[in-house]
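What follows is one structure encoded as structure tokens, with my remarks underneath.
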């Protein structure tokens, strides 16, 4: 069974999903990731899904779960690199991934995490105004 | 069989000039259009039509215009009806071209077969049937051309109505014009997302000044577009909400869950503020002393 690598960039963790997800792999990823957030004292988690052509409700739920878990451990989760076709499909499925922050690419994702970590109270207020 | 076929052929051979002039006279009487150039053109087409008809009558089964022997005449009619459809002729005017051949042809037939009423009836019947078929074929072509025109216009309208404009570095504007149905939403979404990828924009302003009404369905489509843009990492600002539409949205109990502004200008100001930029008035320099 393939393992999904978790890379560390400063105080962020980068997970790039490039294979088909299934239950076992998703559970293993959640285990590994929560472990690494704690051991590395990570403040941000970036999940790169630019290699995925198909994102179904299962992966959508997994992303939401990871975001919720990271939040409990005080790390912010950003999903990056979603393809237009995937975004349209998710919206048509009614999955807005409302619990997850998103960014266009890894670069912008890092900037977003930095912004949120630097201004924890403004990070979200920024959107509301 | 052969001499029955040939009576029309003989008529066309012997009286082609007269047939042509009678036919054109009928067309002039039936149709309302004028102009000498058009008439010369029509005369030319009519002459070629008679030639092809002669060839067709010689070779083919009479009442089956789908046969390959009739292809030249079909092509001629296709060209004719396409021309006329594009120029804005009515279907009647287009089909009259063919149908008005009936009268002169039957007149000639009846003179020719004065002494044989039974055969006259038979020949008249076949002739009329043939011309009817050709006329119907003309109308079909006409309708097809019109449908093509409509399809092309629809396509053009679709493309025309969904531009994505880059207002500033990292700020896109999507001025929506016309009603949002599912097909258009799909195109709008696709072009917006592709533009987000291409330009790396983080803010998209969706302007609905040109959307006549916002009902639950349109709102649903707007929400979809906004969520899809969010998934690509771009925040949306809704602008151009007219007072009437604001009332409608509240009366319908719609929850758009998005920052909205009354005008595009306000939305742009907010977008600039969010991306840490500002537009300020330039201090006017004092006029230099002479």
For this session: Please give the number of the condition residue A:109 fails out of (1) modelled with pLDDT of 90 or more; (2) within 13 Å of another protein chain (Cβ to nearest Cβ); (3) more than 11 Å from the chain's Cα centre (by Cα).
Result: (3)
For this session: Of the conditions (1) touching a strand residue (DSSP E or B) at 6+ places or on another chain (Cβ under 8 Å); (2) free of Cβ contacts under 8 Å to residues at least 24 places away in the same chain, residue B:198 clears all except one; give me its number.
Result: (1)
Exercise. So which residues in segment B:221-251 are closer than 21 Å to residue B:201 by Cβ and either facing chain A (nearest Cβ under 7 Å) or assigned to a loop (DSSP other than H, G, I, E, B) (or both)?
Worked result: B:224, B:227, B:228, B:230, B:231, B:232, B:233, B:234, B:235, B:240
For this session: Report yes if residue A:68 is more than 14 Å from chain B (Cβ to nearest Cβ), in contact with a strand residue (DSSP E or B) (Cβ under 9 Å, 6 or more places away or on another chain), touching a residue at least 24 places away in the same chain (Cβ under 8 Å) and assigned to a loop (DSSP other than H, G, I, E, B), otherwise no.
Result: no
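Here is a yes/no grid of residues against (1) within 12 Å of chain B (Cβ to nearest Cβ); (2) touching a residue at least 12 places away in the same chain (Cβ under 8 Å):
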site: A:47; (1), (2): no, yes
site: A:55; (1), (2): yes, yes
site: A:73; (1), (2): no, yes
site: A:118; (1), (2): no, no
For this session: Check whether at least one residue in segment A:86-102 is under 15 Å from the mean Cα position of the chain (by Cα), assigned to a helix (DSSP H, G or I) and away from chain B (no Cβ under 14 Å), and report yes or no.
Result: no
For this session: Confirm whether residue B:269 is within 12 Å of chain A (Cβ to nearest Cβ) and buried (at least 18 other Cβ atoms within 10 Å of the Cβ).
Result: no
Seminar exercise, completed: Of the listed residues (B:123, B:159), the one being surrounded by 20 or more Cβ atoms within 10 Å (Cβ to Cβ) and outside any strand (DSSP E or B) is B:123
For this session: Could you grab the pairs with beta carbons closer than 7 Å, sequence gap of 6+ or different chains, first residue in segment B:148-160 and more than 23 Å from residue B:83 (Cα to Cα), second one part of a helix (DSSP H, G or I)?
Result: B:158/B:184; B:158/B:187
Exercise. When you scan segment B:174-200, how many residues do you find that are under 20 Å from residue A:103 (Cα atoms) and facing chain A (nearest Cβ under 8 Å)?
Worked result: 7
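The values are calculated or read from the model by the stated rules, or taken from the named source; none is laboratory data. No experiment lies behind these values; they were computed from the predicted model shown. We place every Cβ from the backbone using ideal geometry, glycine too, and count neighbours over all the protein chains shown.
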